[in-house]
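The values are calculated or read from the model by the stated rules, or taken from the named source; none is laboratory data. Note that the structure is predicted; figures quoted are calculated from it, not measured. Positions of Cβ are backbone-derived with ideal geometry, glycine not excepted, and every protein chain shown enters the neighbour counts. Heads up: the accessible areas ignore ligands, DNA and RNA and are worked out on the full protein's heavy atoms, side chains in. Shrake-Rupley method; radii C 1.70, N 1.55, O 1.52, S 1.80 Å.
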Amino acid sequence: MFSNITIKEFLEKLSSKEPTPGGGSVAALAGALASSLGCMVSNLTIGKKKYMDVEEEIKKVYSLLEEYQNKFLEEMEEDAKAFNKVIEALKLPKNTEEEKKIREEKIQEATKEATLTPLKIAQDALEVMELTEIIVKKGYKMALSDAAIAGIMAKTAVISGIYNVKINLPLLKDQEFVKELKRKIENMETEANFLELRIISEVTL
């Protein structure tokens, strides 16, 4: 599991010729980093007299970010497994018409799964952006830059997940499925851009 190896080991695997881990796992890692940094700012806020009026809200934010941190670690693995299924499907025999049909069905099935996993990463990262906006506005001001970086890292995870969805769409034959995904990612991208602007506007230099 990627979450059980050192950062150096992960980077070595990422640098290799192996297809996984790849961009999807990196997107999930960005989400995990955003969640962790958000947890840090929440921890720095909780217990301080100056922030007693928002303490309960920040505690809830912390709890949610901790959950997302674990979800992203799981999604790092899920993305790699989903992509490996596509590779396996591509290796299926295609000598007869029946084999070609089975192979194509497996490719479509695996590609759908490999599309839905980064979509989930992007959706979760968008929710983390919303949580980081709260800590940017209400969290410990001495850690404002950390809160903002958490938001930017979450935005990176959103856009990275979306790119991994987009790259698969031309490969899918289910046009209704493709149409629905396009609608979702367009809305997500717009929302992420607005959230980023709101987060950045809170950071005064």
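Return the residues of region 1-20 that are at pLDDT 90 or above and within 19 Å of the chain's Cα centre (by Cα); say none if nothing qualifies. So that I can check it myself, show each step before the final result.
Residues of region 1-20 that are at pLDDT 90 or above, as a first pass: 5-17.
Correct list: Ile7, Phe10, Leu11, Leu14.
Could you check region 164-185 and list, in sequence order, the residues that are surrounded by fewer than 20 Cβ atoms within 10 Å (Cβ to Cβ) and either in contact with a Gly (Cβ under 7 Å, 6 or more places away or on another chain) or hydrophobic (A, V, I, L, M, F, W, C) (or both)?
The answer is Ile167, Leu169, Leu171, Leu172, Phe177, Val178.
Name the residues in region 63-97 that are more than 19 Å from Glu18 (Cβ to Cβ), surrounded by fewer than 21 Cβ atoms within 10 Å (Cβ to Cβ) and either of a type in the set (Asp, Glu) or in contact with a Ser or Thr (Cβ under 7 Å, 6 or more places away or on another chain) (or both), would you?
Listed by number, the residues that qualify are Glu66, Glu67, Gln69, Leu73, Glu74, Glu97.
Kindly provide the set of residues from region 135-145 that are surrounded by fewer than 19 Cβ atoms within 10 Å (Cβ to Cβ) and either hydroxyl-bearing (Ser, Thr, Tyr) or within 26 Å of Glu75 (Cα to Cα) (or both), ordered by number.
Passing the criteria: only Ser145.
Going through region 11-52 one residue at a time, which ones are without any contact (Cβ under 8 Å) to a residue 12 or more places away in the chain, part of a helix (DSSP H, G or I) and either open to solvent by less than 60 Å² (accessible area, probe 1.4 Å) or more than 29 Å from Ile134 (Cα to Cα) (or both)?
Taking region 11-52 as the starting set, the residues that turn out to be without any contact (Cβ under 8 Å) to a residue 12 or more places away in the chain are 11-13, 15-18, 47, 49-50, 52.
After this cut, where a residue has to be part of a helix (DSSP H, G or I) as well, the list is 11-13, 15, 49-50, 52.
Once the filter is applied, which keeps residues that are without any contact (Cβ under 8 Å) to a residue 12 or more places away in the chain, part of a helix (DSSP H, G or I) and either open to solvent by less than 60 Å² (accessible area, probe 1.4 Å) or more than 29 Å from Ile134 (Cα to Cα) (or both), region 11-52 yields Leu11, Glu12, Lys13, Ser15.
For region 91-113, does any single residue satisfy the condition of being over 19 Å from Lys155 (Cα atoms), more than 22 Å from the chain's Cα centre (by Cα), assigned to a helix (DSSP H, G or I) and of a type in the set (A, V, I, L, M, F, W, C)?
Of all residues in region 91-113, those over 19 Å from Lys155 (Cα atoms) come to 91-113.
Narrowing further to those that are more than 22 Å from the chain's Cα centre (by Cα): 91-108.
Now narrow it down to the ones that are assigned to a helix (DSSP H, G or I): 97-108.
Still in the running and of a type in the set (A, V, I, L, M, F, W, C): 102, 107.
Yes, there is a match, as at least one residue in region 91-113 is over 19 Å from Lys155 (Cα atoms), more than 22 Å from the chain's Cα centre (by Cα), assigned to a helix (DSSP H, G or I) and of a type in the set (A, V, I, L, M, F, W, C).
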